[in-house]
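See structure below.
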Amino acid sequence: MSHPRFRTGLLAALLGVLLPVLPASAEMDLVVSDAWVREAPPGATVLAGYLKITNRGTAHATVSGVSAADFSSVEIHRTVMENGMARMLSAEQLEIPAGESFVLEPGGYHLMLFNPARPLAAGDSVELLLHVRDGACLAVDAPVARMTLDQHP
Amino acid sequence: MQQRNSFIRTKLIPGIIIGALAMGAGIWVASLLTKHSPVADPLAATRFPAARPVQAFSLLDHNGNVFDNATLAGHWSFLFFGYTHCPDVCPTTMSVLNSVARRLQDAGENIRFVMVTVDPERDTPEKLGQFVTYFNGKFIGVTGSETDLQQLTKQLGIMFMRVNDADNAAGYLVDHTASVFLFDPDGNYHAVFSPPLTAEAMAGDFSMMARDYR
């Protein structure tokens, strides 16, 4: 059974099966949940989107940007309260260490979704594309929802 | 003489010392009590010992009606300062105010909820109206020239400044004070709610202040 040639063959076979899977990109390790877009008053030109990204991999992941076909552009922003002032800061990218989650939620990090191409109301849904640093792209389906207080869908 | 000295030594001096100690202790306890219980306000809001008069200002609501000192008189008013191109903080505050309104609608108080724009250039009366009534049909949007707005904001210590973000597709953002200001039926500045704002605390504080006001 333990013939050297056989062992080599087995190893090669195993590698052949495993190799395409092993260099799994961050795409495979990033899981997006709780994505939603806040329904805005009629005529609004800017909407906010929220989601949670979990990095289940062993490597640090960077989301370098977000895009959406339903909007002219998408930016990552962060609301900060400083001495009672609400300030908005741009964030170039989102850093998600291995094994950790990054949450975008009201009053903190959020997506700024500019100029909706169609009227969006609760019940609609929007596709968001998260661009990962390694070149991968993650598609996320985000329902449009009205914000209910102290909780969101 | 000997007897008198002994009286002074054994009775009077200790008596004076004990009396002084007791008095000191009494003063100390009284100072503790006045410092901590009767003066401390149980509210999350900051209210003033005496409501502050509001200097003259004149703005317009989203229906084109004058909104000035006289408009504040006769009922309670919650004022928030925000803008419609603000997708995160302002809609959240408006939702909180709607929840406050719903919690207080059975209280029998006539209360107005107002968003004053800090972005008069883009917030036309029509846009303001669409924005505020989305959250509650009775909400009022108020605007005016930057100079007219300053008449109100300066005396309340409200700051707002345009942030020119070249990368921002919206053109610019406005950093602004995120507090909610309460005016009493005398038209005076009564209290201020600072973030983080919760409807429960705001409604509870309001009920207490309205009761104390009567």
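The values are calculated or read from the model by the stated rules, or taken from the named source; none is laboratory data. Keep in mind that what you see is a predicted model, and the values were worked out from it rather than measured. As a convention, Cβ positions derive from the backbone with ideal geometry for all residues, glycine included, and neighbour counts pool all protein chains shown.
Quick look at the numbers
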| item | result |
| --- | --- |
| Selection count, the range B:99-113, where residues are within 22 Å of A:Arg146 (Cβ to Cβ), in contact (Cβ under 8 Å) with a residue 12 or more places away in the chain and away from chain A (no Cβ under 11 Å) | 3 |
| Close pairs (7 angstrom Cβ cut-off, 6 or more residues apart or separate chains): within 14 Å of chain A (Cβ to nearest Cβ) and touching a residue at least 12 places away in the same chain (Cβ under 8 Å) in the range B:70-85, surrounded by fewer than 21 Cβ atoms within 10 Å (Cβ to Cβ) and aliphatic (A, V, I, L, M) anywhere | B:His85/B:Ala170 |
| Which numbered condition A:Val74 fails, given (1) under 30 Å from B:Glu126 (Cα atoms); (2) β-branched (Val, Ile, Thr); (3) in contact with a Lys or Arg (Cβ under 9 Å, 6 or more places away or on another chain) | (3) |
| Which numbered condition A:Arg133 misses (of (1) without any contact (Cβ under 8 Å) to a residue 60 or more places away in the chain; (2) more than 14 Å from every other protein chain (Cβ to nearest Cβ); (3) of a type outside the set (A, V, I, L, M, F, W, C)) | (1) |
| The range B:169-193, subset facing another protein chain (nearest Cβ under 7 Å) and over 14 Å from the mean Cα position of the chain (by Cα), residue modelled with the lowest pLDDT | B:Ala170 |
| Flag if B:Val116 is assigned to a strand (DSSP E or B) and touching a Leu at 6+ places or on another chain (Cβ under 7 Å) | yes |
| Top-ranked residue in the range A:44-83 [being away from chain B (no Cβ under 12 Å), over 14 Å from the mean Cα position of the chain (by Cα) and among the aliphatic types (A, V, I, L, M); ranked as nearest to B:Tyr172 (Cα to Cα)] | A:Ala69 |
| Out of B:Val96, B:Val142, sole residue that is crowded, with 23+ Cβ neighbours inside 10 Å, outside any helix (DSSP H, G or I) and modelled with pLDDT of 95 or more | B:Val142 |
| Odd one out for B:Gln130 among (1) in contact with a strand residue (DSSP E or B) (Cβ under 8 Å, 6 or more places away or on another chain); (2) within 12 Å of chain A (Cβ to nearest Cβ) | (1) |
| Selected residue (criterion: farthest from the other protein chains (Cβ to nearest Cβ)) from residues of the range A:84-95 that are touching a Ser or Thr at 6+ places or on another chain (Cβ under 6 Å) and farther than 20 Å from B:Met161 by Cα | A:Glu95 |
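Here is a yes/no grid of residues against (1) of a type in the set (Val, Ile, Thr); (2) closer than 13 Å to A:Ala48 by Cα; (3) surrounded by 14 or more Cβ atoms within 10 Å (Cβ to Cβ); (4) touching a residue at least 12 places away in the same chain (Cβ under 8 Å):
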site	(1), (2), (3), (4)
A:Ile76	yes, yes, yes, yes
A:Ala86	no, no, yes, no
A:Leu111	no, yes, yes, yes
A:Ala117	no, no, no, yes
A:Ser125	no, no, yes, yes
A:Leu138	no, no, yes, yes
A:Val144	yes, yes, yes, yes
A:Thr148	yes, no, no, no
